[in-house]
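To keep things clear, I will list the structure first and then write my remarks on it.
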Amino acid sequence: MLVSVLNGFSVGFLLFVLAVGLSIVFGMMDVLNLAHGALFLCGAYLGATFAGGWGGFLGALGLAAVFGLVGGGLLSLMTEPLRKRSHLDQALLTLGVALVAAEVLAIVFGDDPLSVAAPPGLNDSVQVFGVSYPTYRLVIIGVGAVLALAVYLVVERTRLGALVRATVADREMVSVLGVDNRLVKAAVFAIGSVLATTAGVLGGPIYGARPGLDATVLILALVVVVIGGLGSVRGALIGALIIGQVDIVGKYLLPDLSSFILFAALALVLVLRPQGLFGGPVGTAGAR
Amino acid sequence: MTAIEAPTVPGGAPASAPRVTRARTGIIAVAVLVVLAAAPFMLAPFATTTLTRVLVFALFAVSLDLLVGVTGLPSLGHAAYLGAGAYAAGWVSINVTAEAPVPLLVGAGFGALAAALTGWVTVRSHGVFFLMLTLAIGETLQQLADTWETVTGGANGLTGIPAVRLAGTPLANAGFTYWYVLAVGVIGFALVVMVARSPFGAALRGIRDNEPRMRALGYSTARYKYAVIVMAGAVAGLAGALLVAQQRLVTPADMGFATASFALLAVIIGGAGSLWGACLGAALVIIIRDALGPSLDGHGTLVLGIVFVLVVYLLPRGAAGLRIYRRRR
Amino acid sequence: MSVLKCVGLSRSFGALAAVSEVDLAVGAGARHALIGPNGAGKSTLFKLVTGTMKAHAGSVELAGRDVTGLSEAKRCRLGMSQTLQHASLFASMTAAETVALAAQRHGGGRISLVPRKQPAVAERAAELLADVGLDGREHVAVASLSHGERKQLEVALALACRPTVLLLDEPAAGMSPAERARLVELLAGLPAEITVLFVEHDLDLVFALADSVTVLHLGKVLLSGTPAEVRASDAVREAYLGAGRREELFLA
């Protein structure tokens, strides 16, 4: 039981790192980035490539950050010509990019699942309240919590964060203020993407790296965004922790049908609170 | 105050359209059908099989177009209903009977059932939000197929599906299977065209153009959307039954993200709302994936992904605007 | 006997009470105008009555039936139809197709899943289009109609719903004087059994058409009465001047 709860937390924090960028870009610009899962998978493959030692692990994290910056910047640039078109076109563009990225990754890394070893020292277990538990997952909980706090501080305390919050609340107003929306968008896109690739490296030892993982994590992230509400950091955190628990408990209770539990959670939130737990009035009706 | 001129039925061809156009469309349709029916005589078995896949995918794309083009609901989860139909038809063929039309009815029924069980979550949303919810639903159902091994065979898929039987005789070769798929596909296509041209179809187009206004006119739009989601699910399930008739196997990959995306691509290439166009788009997708794929080292999907990106950029007014653009030419 | 009755209708946006505790009674066959300075809550009240927006408190009654909990679509089917301030139509349709869409819903039959000619629907659509002065424009795409024509089409669309109560949100907004004159003629010629409630800025039009008037101010009813009573009211004059209206409204 305790192991389940802890597993839920480690998955939850990982999901938060993954989903928060997706949520903010969607909440701010109505751009639904369907290539977000592909970014995660990039990170996972980087982790798999360099796995083995601390040098490789940290190197993979560094490379993942670079990849995320470049990838996010590119995505932001690519959606720019579609600015005047419907948000649907932008989402479809990222869908095309996701398909291309998944194929390229399959060409480079093959179709077989790769498992990723945790860095030395973290690949064994420790005693937690008398139960043996993988050290790496505990570390993920810690790192995830730190990253969550960092994102929260950036959004709440910095100028960029203030712009993000203002844009989520009232888009027109911010462009009237003379802020270059494109730069803010590129910055948010890039940071969100770095978080996604980072989550990929961190998640490698848990999920491995395999074709199709991109879609799996994308869906988890989307469910987190729907449940938490668009553009809300707090919502993304609570949503991710809930889904982490739901996913693990579901696999424990109904191993064959666990995805139903995920669907049930999604449906329940949509019925009770269509705008998500922490969403503003945007919600279902607003996202045209 | 009398109705002068030919009265306009909403959804029917505009009354002002010359009768010639209709006649011409009819002639072209018959010609296409004749060519399609004669195809196995002229093609190698492999090409016939590819053409069978085209037909299956075309029916699937047409069912998706009922949502995307006619009702304005961009779905990325539609492959799940194809999968539901395929698994159900496969299961019933193995465990009960492969005698037509049982697998077809079971496939369509389960496609509709899967849509009915999941579609209600999405009916209050539209646009990108609809896209996102359907994607989540589609993937959830795919994972279900992946994990529910006792019924679906898990990641290996449902194997050993017998050939469809017609009046006791199994359809053993590619040509007969092709004709079977063609016949059912034409019926499915005709059903979708019928719905799209009916007064109900006119209401769907009204929802696409302006949903709030439809509510103000007395239409409970959520119910209409739910109904069309279930109908499209049934046709997708029918396409799923044809899929197993052709490949005698169904795996979770058949109902995944990629299948759903490529069906959407087919609809967009064909011009959302044009049911004929969706068929042509489906042909293009399958030809790139299956016919050109081997010469591309098995990476036809990469080409499709690139095509997808290009199509989004190149369509004059975006995927969503194409239909209206044509209409006002 | 009032055919439309609102009791204690309220709706707020955050801290702003856009409509608070509004009572409104519209008699059968009335031509009732809803006026008030900008920001008085007219449009919000309109949406609460039609069901486009949910009220936070209060009730709406249509012909003696409580419709507060019913959806906009259901209210429309019960006889409440509306035109919108900004003509909001169907981009891919012609004028005739648009009206037929409303007519088929309110023609008594079910919406068929099978293609069929609906002569009754088409005839009714043509009739309504002729009634609002759009004969000859039936097969023109909505996008190609002028602003005034679209407003006329809006009226035809609302009438196609066979309303007992017709709600018009600023029917004359953005019209040229000629279009406006035609609209007044059209509205004045509506069958007497249809009750009309309309929101309007143009007070000439209000006094030309209305037999009763409700004045809203800051989300509350300031005064309800005959046009003459409203004209004579100092409170109404104050409200308009206080809200910065410069028009010499009541001297006409």
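The values are calculated or read from the model by the stated rules, or taken from the named source; none is laboratory data. Being a predicted model, the structure only gives us computed values, none of them experimental. Counting neighbours? That spans all protein chains shown, and the Cβs are built from the backbone with ideal geometry, glycine included. Areas reflect the complete protein model, heavy atoms only, side chains present, ligands, DNA and RNA absent. Shrake-Rupley method; radii C 1.70, N 1.55, O 1.52, S 1.80 Å.
Only one of the listed residues (B:284, B:296) is surrounded by fewer than 21 Cβ atoms within 10 Å (Cβ to Cβ), within 28 Å of residue B:146 (Cβ to Cβ), at pLDDT below 95 and over 12 Å from the mean Cα position of the chain (by Cα). That residue is B:296. The set of residues from the stretch B:197-220 being facing chain C (nearest Cβ under 7 Å) and assigned to a helix (DSSP H, G or I) comprises B:197, B:199, B:200, B:202, B:203, B:205, B:206, B:209, B:210, B:213, B:215, B:216. Does residue C:82 qualify as being at the interface with another protein chain (Cβ under 7 Å from one of its Cβ atoms) and part of a strand (DSSP E or B)? For residue C:82, the condition - at the interface with another protein chain (Cβ under 7 Å from one of its Cβ atoms) and part of a strand (DSSP E or B) - is met. Output yes when any residue across the stretch A:117-136 is more than 18 Å from the chain's Cα centre (by Cα), more than 14 Å from chain B (Cβ to nearest Cβ), closer than 30 Å to residue A:4 by Cβ and part of a helix (DSSP H, G or I), and no when none is. Scanning the stretch A:117-136 turns up at least one residue that is more than 18 Å from the chain's Cα centre (by Cα), more than 14 Å from chain B (Cβ to nearest Cβ), closer than 30 Å to residue A:4 by Cβ and part of a helix (DSSP H, G or I).
Reported count of residues in the stretch C:195-225, each being under 11 Å from residue C:32 (Cβ atoms) and open to solvent by 60 Å² or more (accessible area, probe 1.4 Å), is 2. The number of residues in the stretch A:76-101 being touching a residue at least 12 places away in the same chain (Cβ under 8 Å) and either in contact with a Leu (Cβ under 9 Å, 6 or more places away or on another chain) or part of a helix (DSSP H, G or I) (or both) comes to 14.
The set of residues from the stretch A:70-87 being among the hydroxyl-bearing types (Ser, Thr, Tyr) and open to solvent by 30 Å² or more (accessible area, probe 1.4 Å) comprises just one member, A:86.
Yes or no: the stretch C:48-55 includes at least one residue that is modelled with pLDDT of 90 or more and within 16 Å of residue C:224 (Cα to Cα). Taking every residue of the stretch C:48-55 in turn, none turns out to be modelled with pLDDT of 90 or more and within 16 Å of residue C:224 (Cα to Cα). Considering only residues that are among the basic types (Lys, Arg) and open to solvent by less than 20 Å² (accessible area, probe 1.4 Å), which ones fall in the stretch C:55-111? C:75, the sole residue that qualifies. Among the residues of the stretch C:3-20, those identified as over 18 Å from residue C:52 (Cα atoms) and either over 19 Å from the mean Cα position of the chain (by Cα) or part of a loop (DSSP other than H, G, I, E, B) (or both) are C:14, C:15, C:16.
Per the listing A:39, A:34, the residue uniquely buried (at least 24 other Cβ atoms within 10 Å of the Cβ) and outside any helix (DSSP H, G or I) is A:34.
Residues that are away from chain A (no Cβ under 14 Å) and either open to solvent by 10 Å² or more (accessible area, probe 1.4 Å) or at pLDDT below 85 (or both) within the stretch B:124-163 comprise B:156, B:158, B:159, B:160, B:162, B:163, listed in sequence order.
Cβ separations smaller than 7 Å between residues 6+ apart or across chains give the following pairs from the stretch C:85-110 residues that are assigned to a helix (DSSP H, G or I) to residues that are aromatic (Phe, Trp, Tyr): C:98/C:90; C:105/B:219.
Just one of the listed residues (B:215, B:205, B:197) is farther than 22 Å from residue C:84 by Cβ and out of contact with any Phe, Trp or Tyr (no Cβ under 7 Å at 6 or more places or on another chain), namely B:197.
Going by the conditions given, is residue C:92 within 11 Å of chain B (Cβ to nearest Cβ), modelled with pLDDT under 90 and either on the phi > 0 side of the Ramachandran plot or touching a Phe, Trp or Tyr at 6+ places or on another chain (Cβ under 8 Å) (or both)? Here the answer is no, as residue C:92 does not meet what is asked. Here residue C:146 does not qualify as modelled with pLDDT under 85 and either more than 7 Å from chain B (Cβ to nearest Cβ) or open to solvent by 20 Å² or more (accessible area, probe 1.4 Å) (or both). If the condition is being crowded, with 21+ Cβ neighbours inside 10 Å and farther than 14 Å from residue B:181 by Cβ, then the stretch B:35-61 contributes only B:61. All conditions but one from (1) of a type in the set (Lys, Arg); (2) farther than 18 Å from residue C:69 by Cα; (3) open to solvent by 30 Å² or more (accessible area, probe 1.4 Å) apply to residue C:11; the one that does not is (2).
Please work out which residue is nearest to the chain's Cα centre (by Cα), limiting yourself to the stretch C:112-128 and to residues that are open to solvent by less than 30 Å² (accessible area, probe 1.4 Å) and among the small types (Gly, Ala, Ser). Step by step, filter the stretch C:112-128, then rank; the result is C:125.
Filtering the stretch A:198-210 for residues that are touching a helix residue (DSSP H, G or I) at 6+ places or on another chain (Cβ under 8 Å) and either surrounded by fewer than 17 Cβ atoms within 10 Å (Cβ to Cβ) or not in a helix (DSSP H, G or I) (or both) leaves a non-empty set.
In the set (1) facing chain B (nearest Cβ under 8 Å); (2) open to solvent by 10 Å² or more (accessible area, probe 1.4 Å), the condition left unmet by residue A:96 is number (2). Inspect the stretch B:12-27 for any residue being under 23 Å from the mean Cα position of the chain (by Cα), assigned to a helix (DSSP H, G or I), at pLDDT below 90 and more than 30 Å from residue A:92 (Cβ to Cβ) and give the result as yes or no. Yes, the conditions are met somewhere in the stretch B:12-27. Pairing residues of the stretch A:48-69 that are open to solvent by 70 Å² or more (accessible area, probe 1.4 Å) with residues that are outside any helix (DSSP H, G or I), at Cβ distances under 6 Å and at least 6 apart in sequence or on separate chains, gives A:54/A:119.
For residue B:244, state whether it is open to solvent by less than 40 Å² (accessible area, probe 1.4 Å) and within 14 Å of chain A (Cβ to nearest Cβ). So residue B:244 fails the test. The selection criterion, being surrounded by 18 or more Cβ atoms within 10 Å (Cβ to Cβ) and either within 14 Å of another protein chain (Cβ to nearest Cβ) or within 30 Å of residue C:90 (Cβ to Cβ) (or both), does not hold for residue B:237.
When the stretch C:65-77 is filtered for residues that are in contact (Cβ under 8 Å) with a residue 24 or more places away in the chain and either over 22 Å from residue C:171 (Cβ atoms) or more than 12 Å from every other protein chain (Cβ to nearest Cβ) (or both), only C:77 remains. Being in contact with a Gly (Cβ under 9 Å, 6 or more places away or on another chain) and within 11 Å of chain B (Cβ to nearest Cβ) holds for only one residue in C:120, C:125, and it is C:120.
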